[in-house]
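In what follows, a structure is listed as structure tokens, so that the remarks can point back to it.
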Amino acid sequence: MKKLFTPLLILTAAMFAYAPVAIQNAPYESTMGLVQKIFYFHVPSWFVMFSAAGVCGIGGAVFLFTGRKDADRFALAAAELAVVFGLMGLLTGPLWGRKAWGVWWQWDARLTSALVMWLVFVAYLLLRKYGGAGSEKLSAVLALFGMANVPFVYLSVNLWRTVHPKTSVVMSLEPEMGRPFLLCSLAFMALFVLVLAARVRLENMRAALDELYLSLED
Amino acid sequence: MSPEARQSFAATVWLVTKKDLLIELRSREVVYTTLFFAVACVLVFAFGFVREGVAVDDAAAGILWIAIAFSGTLALGRTFERERQNDTLRALMLTPADRPALYVGKLTGVLVLLAAVELIVTPLVALMFHAPLFAFPLMMGLLLAAGTIGFAAVGTLFAAMLVRARSRDVLLPILLYPITIPVIIAGVRGTAVLLQPEVNLPVARMWLSILVFFDVVFITLALWTFEPAMSD
């Protein structure tokens, strides 16, 4: 990862620099017009949020059943990123919703389940910050329950009418819209990998430093 | 599981439950405080949801389940605070008993407490909000039972694990509510169906089945994670 970090950083920076141009050049959507362009950042934010949630849940499970500390560091770093990218999705969504639906927020299945999912990861971070010693295990359990929770929240709120655009919309994009969307998705995923790697490295160094302190005291 | 193992599992569950209920019967602390808290909740919500003497639509269902969730959190917190004071939870974990059996024992104790609270609060809500909660007693009872089991199954696991954490009082609701939102939704919607002028029983049954499914998944997960989570 160390060798790849700098090239990936440059590539990601280039993609993000070009993204506004690509989005600018993409055609206007026939009914939404300009406001639809937020989709190029909104959807990739949620891609990253759900990838981060997956990494957190898997890291938590590995930590819980094998006791591997590095898995826990991955889980913590991923949880932080899930909150950040989830917040991005939650902020960009209403900007579009205000124009498309006339309201900032709908108690729609997708919105509600995304919000609940985001709250689980906020709770995760609060637990890590204020739970004190031993909260790693509980947070791993929380991440597992959070992942298991997703279908339930989705199912239980889906019985209210869904107004959010379907995910299948992504597959049926015009090539002129699909290419900038793919670019943005790749840029967001690359950013996620970069920040995750940097964050895990920081945690690893912190753990190594703690060990050095402890061995100094002995 | 062999018959002997099953027997010892049941015996452990019964011992833990009996211990909790005996302690509770002597002081009656949790049941009294939780019950009063639930009644206070109902009263506070009444101020918010009653317009010109009549409650807004579906208010009774929402108020009932929020009262259960809030007072359930209180009961969970108190039950495990008791285990913390003399470090008895650690003593319980040191016994050569099955960890899952200890979990089920604690869960049963909490469920009995919450059932006692619901036995008072449900008629109270029905009475104060003119809600025909007992028109379908079996369905209502099943919804309450399934919802309470789901809520308490997650709550018991989290409360047990929070015993050693700092700021546990604040963290319990913060962790518990996002995870148990499906229980609240299914409970409220299922109860609201029963309150309609024309009751659509298949819809209520669907919500009940969501609750039961939730119970199965979350009890399985809790049994599976209780052992590694509670060992140092």
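Taking the listed residues A:54, A:60, the one that is under 17 Å from the mean Cα position of the chain (by Cα) and either closer than 14 Å to residue A:125 by Cα or not in a helix (DSSP H, G or I) (or both) is A:60, with no other qualifying. Comparison of B:115, B:75, B:69, B:55 shows that the only residue that is among the aliphatic types (A, V, I, L, M) and in contact with a Leu (Cβ under 6 Å, 6 or more places away or on another chain) is B:75.
Taken together, the criteria place residue B:74 among residues that are closer than 22 Å to residue B:116 by Cβ and touching a residue at least 12 places away in the same chain (Cβ under 8 Å).
Among helices (runs of 4 or more DSSP H) entirely within segment B:53-158, having at least 1 residues that are under 18 Å from residue B:32 (Cα atoms) and small (Gly, Ala, Ser) singles out B:59-85, B:99-128.
Within segment B:7-23, one or more residues are acidic (Asp, Glu), surrounded by 13 or more Cβ atoms within 10 Å (Cβ to Cβ) and part of a helix (DSSP H, G or I).
Take the conditions surrounded by 14 or more Cβ atoms within 10 Å (Cβ to Cβ) and on the phi > 0 side of the Ramachandran plot and apply them to residue B:58. Does it pass? Here the answer is yes, as residue B:58 does meet what is asked. A count restricted to segment A:50-106 and to residues that are touching a residue at least 24 places away in the same chain (Cβ under 8 Å), farther than 23 Å from residue A:139 by Cβ and in contact with a Pro (Cβ under 9 Å, 6 or more places away or on another chain) stands at 1. When each of B:157, B:89, B:94, B:143 is tested for being hydrophobic (A, V, I, L, M, F, W, C), in contact with a helix residue (DSSP H, G or I) (Cβ under 9 Å, 6 or more places away or on another chain) and over 24 Å from residue A:146 (Cα atoms), the lone residue that passes is B:89.
Going by the conditions given, is residue B:185 modelled with pLDDT under 90, farther than 30 Å from residue B:53 by Cβ and in a helix (DSSP H, G or I)? It is false that residue B:185 is modelled with pLDDT under 90, farther than 30 Å from residue B:53 by Cβ and in a helix (DSSP H, G or I). For segment A:129-144, residues that are more than 8 Å from chain B (Cβ to nearest Cβ) and modelled with pLDDT under 90 total 1. Provide a single number: the residues in segment B:159-182 that are in a helix (DSSP H, G or I) and facing chain A (nearest Cβ under 7 Å). Matching residues across segment B:159-182 total 9. Counting only residues that are of a type in the set (D, E, K, R) and in contact (Cβ under 8 Å) with a residue 24 or more places away in the chain, segment A:1-48 holds 1 of them. When B:212, B:216 are screened for being over 19 Å from residue B:69 (Cβ atoms), more than 10 Å from chain A (Cβ to nearest Cβ) and under 17 Å from the mean Cα position of the chain (by Cα), only B:216 passes.
The selection criterion, being within 14 Å of chain B (Cβ to nearest Cβ), hydrophobic (A, V, I, L, M, F, W, C) and either out of contact with any strand residue (DSSP E or B) (no Cβ under 8 Å at 6 or more places or on another chain) or within 15 Å of residue A:42 (Cα to Cα) (or both), does not hold for residue A:91.
Considering segment B:152-167, and only residues there that are more than 13 Å from the chain's Cα centre (by Cα) and crowded, with 23+ Cβ neighbours inside 10 Å, the residue that is farthest from residue B:108 (Cα to Cα) turns out to be B:162. Within segment B:111-151, being within 12 Å of the chain's Cα centre (by Cα), aliphatic (A, V, I, L, M) and away from chain A (no Cβ under 14 Å) holds for B:111, B:112, B:113, B:114, B:115, B:116, B:117, B:144, B:145, B:149.
Summed over segment B:158-177, residues that are farther than 19 Å from residue B:71 by Cβ and not small (Gly, Ala, Ser) total 4.
The values are calculated or read from the model by the stated rules, or taken from the named source; none is laboratory data. All values derive from a computational prediction rather than experimental measurement. Methodologically, a virtual Cβ is constructed for each residue, glycine included, from the backbone with ideal geometry; neighbour enumeration extends over all protein chains shown.
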